[in-house]
Amino acid sequence: MKLKELGEFGLIDRIKSGIHIPDGITGIGDDCAVIPCHNGKDLLVSTDMLIEGTHFLMDDITPYRLGWKSAAANLSDIAAMGGRPAATFLSFALPDSLDSDWTDEFFKGYNDISRRYHCPLLGGDTCVSRDRLSISVTILGECPAGTALLRSGAQDGDKICVTGYLGDAGGGLKVILDGAHRNSDAQALIAMHYMPIPRVEEGLKLGITDGIHAMMDISDGIGSDLRHILKASHKGAEVNVASLPLSDELLRTCRRNGWDPVELAISGGEDYELLFTAAPDAKIEVPHTVIGSINNSGRLVWLGTERDFGGYHHF
């Protein structure tokens with residue numbers, strides 16, 4: 001079967017089926033692997049890749065912003081587990097057309113966000129690429145033993161919540177790809193696409209909040225990411241599209257260009273906000289928006305529209 005027909009998650013399922021994961025370890029299928037350390041802490045490990053032409057365009061993104069985004073995507077994975085980042089390792093294949101000024105700016109962006117979350121770069125690998133830039137980051141984090149928030153914990157009756165706005169990063173990418181006019185609103189959306197803010201502090205607070213049952217970060221859009229929670233938890237859900245939190249910048253940009261903000265909010269991806277489920281009476285101190293509820297139907301229903309929505313597809 002062709003990989004495009006199989007899809008990213010079909011491929012992951014095939015890989016997972018041939019691997020034995022030892023008891024007590026959370027492996028393939030969550031935002032991070034969770035490895036008990038027997039010192040009252042669990043080790044969190046995740047890795048992510050960015051490929052030129054797939055995840056970014058070299059003639060549009062600055063090296064500073066690319067460095068920032070490379071670290072931010074991985075920091076978000078630790079946040080999604082309710083964990084604290086500890087260190088990263090970076091490997092990349094560099095086209096020989098790049099120079100030391102480019103790498104200096106890349107690492108300035110990478111280090112600026114890393115210092116913000118006290119997560120130093122401790123190692124990695126470099127090599128030359130014949131054409132495209134390829135970046136791979138591995139991140140380590142930690143959380144108190146047994147407290148990592150997995151995708152599999154959603155319960156019937158839970159409210160579905162998100163932090164921040166949805167669709168800004170997808171709107172920024174659409175501005176870039178469509179060559180839309182880059183006024184101040186569009187520039188703000190592009191900034192959210194290139195320099196997302198991982199919700200580390202919010203994830204830490206949610207990790208110690210009673211009644212939070214499942215969580216992940218929004219990397220492929222809730223049209224895809226919510227389905228991961230539902231599949232892992234064996235649940236269904238209803239989402240009210242009128243409740244989706246949309247920024248003024250996104251709404252104005254969509255009106256100006258004739259775009260659908262709901263589609264961008266659900267399918268755009270790379271918002272790196274947190275998507276979580278919580279008991280109805282959970283006292284949540286993190287700013288959030290309730291967008292729906294979990295049920296036992298096994299189906300995902302979008303209230304307020306006849307459309308069905310998916311998320312970003314990697315293949």
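The numbers here are math on the coordinates, done by the rules we state, and not lab data. These numbers come from a predicted model, not from an experiment. A quick note on method: Cβ atoms are made from the backbone with ideal geometry, for glycine too, and the neighbour counts reach across all protein chains shown.
Worth pointing out:
Here's the yes/no breakdown for (1) of a type in the set (S, T, N, Q); (2) in contact (Cβ under 8 Å) with a residue 60 or more places away in the chain; (3) not in a loop (DSSP other than H, G, I, E, B):
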residue: I19; (1), (2), (3): no, no, no
residue: P22; (1), (2), (3): no, no, no
residue: I35; (1), (2), (3): no, no, yes
residue: V45; (1), (2), (3): no, yes, yes
residue: D48; (1), (2), (3): no, yes, yes
residue: M58; (1), (2), (3): no, yes, no
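- Looking only at region 240-249, and only at residues there that are aliphatic (A, V, I, L, M) and under 19 Å from the mean Cα position of the chain (by Cα), the one that is farthest from G171 (Cα to Cα): L244
- Residue within region 90-102 that is of a type outside the set (A, V, I, L, M) and within 19 Å of E270 (Cβ to Cβ) present: no
- For E285, the criteria (1) farther than 29 Å from T54 by Cβ; (2) touching a helix residue (DSSP H, G or I) at 6+ places or on another chain (Cβ under 7 Å); (3) assigned to a strand (DSSP E or B); (4) of a type outside the set (S, T, Y) hold in every case but one, which is (3).
- Test: residue in region 240-249 that is in contact with an Asp or Glu (Cβ under 8 Å, 6 or more places away or on another chain), over 30 Å from G179 (Cβ atoms), among the polar types (S, T, N, Q) and part of a loop (DSSP other than H, G, I, E, B): no
- Residues that are within 30 Å of G24 (Cα to Cα) number at least 3 in the following helices (runs of 4 or more DSSP H) confined to region 145-211: 200-207.
- Residue satisfying all of: in region 215-239; more than 11 Å from L300 (Cα to Cα) and assigned to a strand (DSSP E or B); nearest to the chain's Cα centre (by Cα) among these: D217
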